[in-house]
1. Mind checking which residues of segment 111-140 are part of a helix (DSSP H, G or I) and closer than 18 Å to Cys73 by Cβ?
2. From the set of residues in segment 191-207 that are over 18 Å from the mean Cα position of the chain (by Cα) and buried (at least 16 other Cβ atoms within 10 Å of the Cβ), which is nearest to Arg140 (Cα to Cα)?
3. May I ask you to say which residue of Ala45, Ala102, Ala66 is aliphatic (A, V, I, L, M) and within 19 Å of Gly262 (Cα to Cα)?
4. Residues Asp113, Asp93: which one is surrounded by fewer than 22 Cβ atoms within 10 Å (Cβ to Cβ), touching a residue at least 12 places away in the same chain (Cβ under 8 Å), among the charged types (D, E, K, R) and in contact with a Ser or Thr (Cβ under 9 Å, 6 or more places away or on another chain)?
5. Just for segment 173-190: of the residues that are among the aliphatic types (A, V, I, L, M) and without any contact (Cβ under 8 Å) to a residue 40 or more places away in the chain, which one is surrounded by the most Cβ atoms within 10 Å (Cβ to Cβ)?
6. Quick test of your reading of the structure: Asp138 fulfils all but one of (1) farther than 23 Å from Val58 by Cα; (2) surrounded by 18 or more Cβ atoms within 10 Å (Cβ to Cβ); (3) touching a Gly at 6+ places or on another chain (Cβ under 9 Å). Name the failing condition by number.
7. If you check Val210, Val217, Val249, which single one turns out to be free of Cβ contacts under 8 Å to residues at least 60 places away in the same chain, surrounded by 20 or more Cβ atoms within 10 Å (Cβ to Cβ) and of a type in the set (A, V, I, L, M, F, W, C)?
8. So, Arg189, is that one of a type in the set (Lys, Arg) and part of a strand (DSSP E or B) or not?
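Taken together, the values in this text are just the output of simple stated rules run on the coordinates, not laboratory data. Quick caveat, the model's predicted, so the values are computed rather than measured. Ideal geometry is used to build each Cβ from the backbone, glycine not excepted, and the neighbour counts take in all protein chains shown.
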Amino acid sequence: MRTARTGPDAGATAPGSRAGRLPRNDPRQYDDLADEWWQPDGAFAMLHWLAEARAALVPPAARPGALLVDLGCGAGLLAPRVAGRGYRHVGVDLVRSALAQAAAHGVTPVNGDVGAVPLADGCADVVAAGEVLEHVPDWRRVVAEAARLLRPGGTLVLDTLNATALSRLLAVRVAELFPGVPRGIHDPRLFVDARELVDECARHGIALQVRGIRPAVWGTARWLLRRAVRRAAPPGGGRTGAPDAPRIVPTWSAAVLYQGWGTRQG
């Protein structure tokens, strides 16, 4: 998501609000969409749903001063969902406009590369990597960095897109047909094979468990309908609040979207 450097596909383009067209996976798109982060029915709506599901994997802090490092934190969507669990929340991202919003939600911002975080070894009780691995040129480097940051017994939580034909079809070709979904936000060649991710985490002492997830079907259908009705209403003419967000639920297949969680061994 937010921490991506320009992907390898110089030929694949996506529309941006500035002059010309931006390459797929270009982080400047997040500056163009800066006003969308905290809109519950905006371009990043699904990131809110995923942050809720990711937060459910974060345990309460086990010690005073516990640290949660949020890799690719964006505008800090995870922050209100883990507030009160006892963590100091540090967010790392390349996009300054997003970090400014994260800071306004209680996140200590670090502007930088998620593969080279300027924090000490073993400093983190939790490392979160939500919707970020599929945006970086070398996800293995980010896994190694997450393991370096985690103290023994610390928890890694993540979600990302699998490197499958079905994922490329649904998460890119189909998703980008929907109104309000940003075009070009993903480069499917960067998607992360779930089995390779499990193996790489094991190399760094993290026994990662994975499961497929998806938005609840009927909840999503209702959300889309209510959003369409709300947006069709004239301003000030009986517009209701944002539609209730659908839940992210487990599914039998990890072929498209999946969560991972695991503990770093001592």
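1. From segment 111-140, those part of a helix (DSSP H, G or I) are 133-135, 139-140; that's our starting set.
Residues satisfying the conditions are Leu133, Glu134, His135, Trp139.
2. Going residue by residue through segment 191-207, those that are over 18 Å from the mean Cα position of the chain (by Cα) are 195-196, 198-207.
Add one more test, that the residue is buried (at least 16 other Cβ atoms within 10 Å of the Cβ), and what stays is 198, 200-201, 204, 206.
Details: Val198: 11, Glu200: 7, Cys201: 9, His204: 10, Ile206: 13 Å.
Across segment 191-207, the extreme among qualifying residues is Glu200.
3. Checking each option against the conditions leaves just Ala66.
4. Numbers: Asp93 fails: surrounded by fewer than 22 Cβ atoms within 10 Å (Cβ to Cβ).
Checking each option against the conditions leaves just Asp113.
5. Step one: of segment 173-190, the residues among the aliphatic types (A, V, I, L, M) are 174-175, 177, 181, 185, 190.
Then drop every residue that is not without any contact (Cβ under 8 Å) to a residue 40 or more places away in the chain, which leaves 174-175, 177.
Working: Val174: 11, Ala175: 15, Leu177: 8.
Selected residue: Ala175.
6. Here Asp138 meets the rest and fails (2).
7. Working: Val217 fails: surrounded by 20 or more Cβ atoms within 10 Å (Cβ to Cβ); Val249 fails: surrounded by 20 or more Cβ atoms within 10 Å (Cβ to Cβ).
None of the others qualify; the one that does is Val210.
8. Numbers: of a type in the set (Lys, Arg): yes; part of a strand (DSSP E or B): no.
Against the criterion (of a type in the set (Lys, Arg) and part of a strand (DSSP E or B)), Arg189 does not qualify.
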